[in-house]
């Protein structure tokens, strides 16, 4: 007996009619019912145009052995937009080098973080504290709540990188008057 698997949400059906009803109901009708929409892992789990997609790319680049040792947990992020899940990301800091990928974790998850795209972006740039977000209900945690504060190690590194991108040091010399500069250089010659 053949099995039909939805390429968009991975639901399994044994009956072709149920599969086709699922496609029509959940993912809008397709012109040719034999033609299936294939999506890559990123597109399958992450809607385009989210502010936090770049955040997870940054996290992927900053993971090192020190962070993996400090955190030692698997997080799943359910990113919300208009109170609906629009992205799912996994940050696995239990494996040797750490892994960040779109989609749910294949390993047991220690924490599932539910937060809006906008609020997570604010946390990543330092405008929103994780404690304030949790107390106000903007950040919800399922699983081991004692592990959730370990995310701050990652966010601190992200904030540090983001601040380096934005901030720069000015190399201008402040002077009181042009006369002092002329006097200084004329005395040294």
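For a footprinting-style exposure proxy, rank 153, 19 by other Cβ within 10 Å, fewest first.
Numbers: 153 14, 19 20.
By the 10 Å Cβ count, ascending: 153, 19.
Only bridges whose two residues both fall in region 45-149 count here: according to DSSP, what percent of them are antiparallel, nearest 5?
Around 75 percent antiparallel, to the nearest 5.
Please compute the Kirkwood hydrodynamic radius of region 52-166 from all pairs of different C-alpha atoms, in Å with one decimal.
It is 14.0 Å.
If neighbour count is taken as other Cβ atoms inside 10 Å, put 66, 47 in order from fewest to most.
Lowest count first: 66, 47.
Name the residues of region 47-71 whose amide N is less than 17 Å from a point 7 angstrom out from the Cα of residue 161 along the C-beta direction?
Inside the label zone: 51-71.
Hey, rough spin-label estimate for residue 146 and residue 129, points 7 angstrom out along Cα→Cβ, what's it come to in nanometres?
In this crude label model, residue 146 to residue 129 measures out at 2.3 nm.
Going by how many other Cβ atoms sit within 10 Å of their own, how do 111, 95 line up, fewest first? It would help to have the intermediate numbers written out before the result.
Details: 111 20, 95 10.
In increasing order of surrounding Cβ atoms, one gets 95, 111.
Calculate the spin-label point distance for residue 83 paired with residue 20, positioning each point 7 Å from the Cα along the beta-carbon direction, and give it in nanometres.
So the two model labels end up 3.6 nm from each other.
Averaging over every viewing direction, what projected area does the convex hull of the Cα atoms of region 117-162 cover, in nm²?
3.1 nm²
Every read-out reported here was derived from the displayed coordinates using simple, explicitly stated rules and does not represent laboratory data. Because the structure is a prediction, the values reported are computed rather than measured. Every residue, glycine as well, gets a Cβ built from its backbone with ideal geometry; the counts of neighbours run over all protein chains shown.
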